[in-house]
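Data first, discussion second: the structure below is written as structure tokens.
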Amino acid sequence: MAGEFGRLGAKIAIAARNESKLEKACVALQDKGIEVIAIPCDVSKENDCQNVIESVVKQYGKIDILVNNAGISMRAAFIATETSVLHKLMDINFWGTVYCTKYALPYLLKTKGSIVGIISVAGHIGLPGRTGYSASKFAVRGFLDTLRSEHSQNGLHVLVAAPGFTASNIRNTALTSNGTIQGETPRNESEMMSAETAASKIVKAVIKRKNSLVLTFLEGKFTVFLNKFFPSLVSKLAYNQMKKEPNSPFK
């Protein structure tokens, strides 16, 4: 998304915990002629999020678009999962979005800008084995939908984007029941929508100032639609789908 916005002429700020990967991403964007700054940040820490926003305003003078994209996943049955795992999911996925949005909001109101929350189809449908992940994404959707309503009269744009399964490292870094990293994806990443395709569609939705976006048809739009009318069926289908994964927690 940073590359796609940069290609269209935006000045970019990126933030992440891993400083070496952050620097590589920054250099890669600069090599494409994109103006970008990189700011180390752990979004689960409120002070880090405040520092990111203040650094961006100091560098560029304003903020037009905030993309809340940091996130981690999990893969374990709830009955076997330590509650600390769910706390970590909420700290990063939900509170990271809250903190960054809190400090960016005054500047976004000045520019009548956009807040983007990247959730997941798991933010519309409970996914077995992903209790903490689904809960955090439902929470982000509720938070941003409410924020949109609060500011419906003053020009703030809020987009909640829910990709279906998209090729990324989120499944590699997913947490197990005790908080260790899964290490490998249980799915064929080559069959999924690419991150570049997802980014292009999300950027277009920001430009059009859409309120919501659900990506991919079968595992995205159709499933969300079906859930409105046949939630019990969707729950069964979701369970059967997750049960088929290699080393699934459901036998």
- Message: Quick test for you: out of Gln50, Gln30, pick the one residue that is of a type outside the set (Ser, Thr, Tyr), in the same structural domain as Ser194 (by TED's automatic domain parsing) and surrounded by fewer than 19 Cβ atoms within 10 Å (Cβ to Cβ).
- Response: Gln50
- Message: Among the numbered criteria (1) free of Cβ contacts under 8 Å to residues at least 24 places away in the same chain; (2) assigned to a helix (DSSP H, G or I), which one does Gly132 miss?
- Response: (1)
- Within the group Tyr107, Tyr60, which residue is among the aromatic types (Phe, Trp, Tyr), in contact with a helix residue (DSSP H, G or I) (Cβ under 9 Å, 6 or more places away or on another chain) and either surrounded by fewer than 17 Cβ atoms within 10 Å (Cβ to Cβ) or modelled with pLDDT of 95 or more (or both)? Tyr107
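Condition check ((1) touching a Gly at 6+ places or on another chain (Cβ under 9 Å); (2) not hydrophobic (A, V, I, L, M, F, W, C)) across all residues:
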site: Gly129; (1), (2): no, yes
site: Leu144; (1), (2): yes, no
site: Ser149; (1), (2): no, yes
site: Ala162; (1), (2): yes, no
site: Thr166; (1), (2): no, yes
site: Thr173; (1), (2): yes, yes
site: Ser177; (1), (2): no, yes
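Residue by residue, here is whether (1) among the hydroxyl-bearing types (Ser, Thr, Tyr); (2) surrounded by 13 or more Cβ atoms within 10 Å (Cβ to Cβ); (3) free of Cβ contacts under 8 Å to residues at least 40 places away in the same chain; (4) outside any strand (DSSP E or B) holds:
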| residue | (1), (2), (3), (4) |
| --- | --- |
| Ile202 | no, yes, no, yes |
| Leu237 | no, yes, yes, yes |
| Gln241 | no, yes, yes, yes |
| Pro246 | no, no, no, yes |
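Please work out which residue is nearest to Glu245 (Cα to Cα), limiting yourself to region 159-177 and to residues that are part of a loop (DSSP other than H, G, I, E, B) and touching a helix residue (DSSP H, G or I) at 6+ places or on another chain (Cβ under 7 Å). If you could, list the steps in order and put the result at the bottom.
Taking region 159-177 as the starting set, the residues that turn out to be part of a loop (DSSP other than H, G, I, E, B) are 163-165, 167-174, 176-177.
Checking the rest, the ones that are also touching a helix residue (DSSP H, G or I) at 6+ places or on another chain (Cβ under 7 Å) come to 163-165, 167-168, 177.
On the way: Pro163: 20, Gly164: 16, Phe165: 14, Ala167: 16, Ser168: 17, Ser177: 16 Å.
For region 159-177, the residue satisfying everything is Phe165.
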- Message: Can you tell me how many residues within region 26-51 are of a type outside the set (Ser, Thr, Tyr) and closer than 15 Å to Ile92 by Cα?
- Response: 10
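Conditions (1) touching a Leu at 6+ places or on another chain (Cβ under 9 Å); (2) assigned by TED's automatic domain parsing to the domain that holds Asn68; (3) more than 27 Å from Lys88 (Cβ to Cβ), marked per residue:
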{"site": "Leu147", "(1), (2), (3)": "yes, yes, no"}
{"site": "Leu156", "(1), (2), (3)": "yes, yes, yes"}
{"site": "Ile181", "(1), (2), (3)": "yes, yes, no"}
{"site": "Thr197", "(1), (2), (3)": "yes, yes, yes"}
{"site": "Val206", "(1), (2), (3)": "yes, yes, yes"}
{"site": "Lys210", "(1), (2), (3)": "yes, yes, yes"}
{"site": "Leu215", "(1), (2), (3)": "no, yes, no"}
{"site": "Gly220", "(1), (2), (3)": "no, yes, no"}
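How about region 7-21: which of its residues are touching a strand residue (DSSP E or B) at 6+ places or on another chain (Cβ under 6 Å) and under 19 Å from Ala104 (Cβ atoms)? Let's see the steps before the verdict.
Of region 7-21, the ones touching a strand residue (DSSP E or B) at 6+ places or on another chain (Cβ under 6 Å) are 12-15, 19.
Within region 7-21, Ile12, Ala13, Ile14, Ala15 meet the criteria.
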- Query: Condition test on Val67, is it under 22 Å from Ala174 (Cβ atoms), assigned to a strand (DSSP E or B), in contact (Cβ under 8 Å) with a residue 12 or more places away in the chain and in the same structural domain as Val140 (by TED's automatic domain parsing)?
  - Reply: yes
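The values are calculated or read from the model by the stated rules, or taken from the named source; none is laboratory data. Just so you know, these numbers come straight off a predicted model, no measurement behind them. Because the Cβ atoms are built from the backbone with ideal geometry, glycine has one as well, and the counts that use them run over all protein chains shown.
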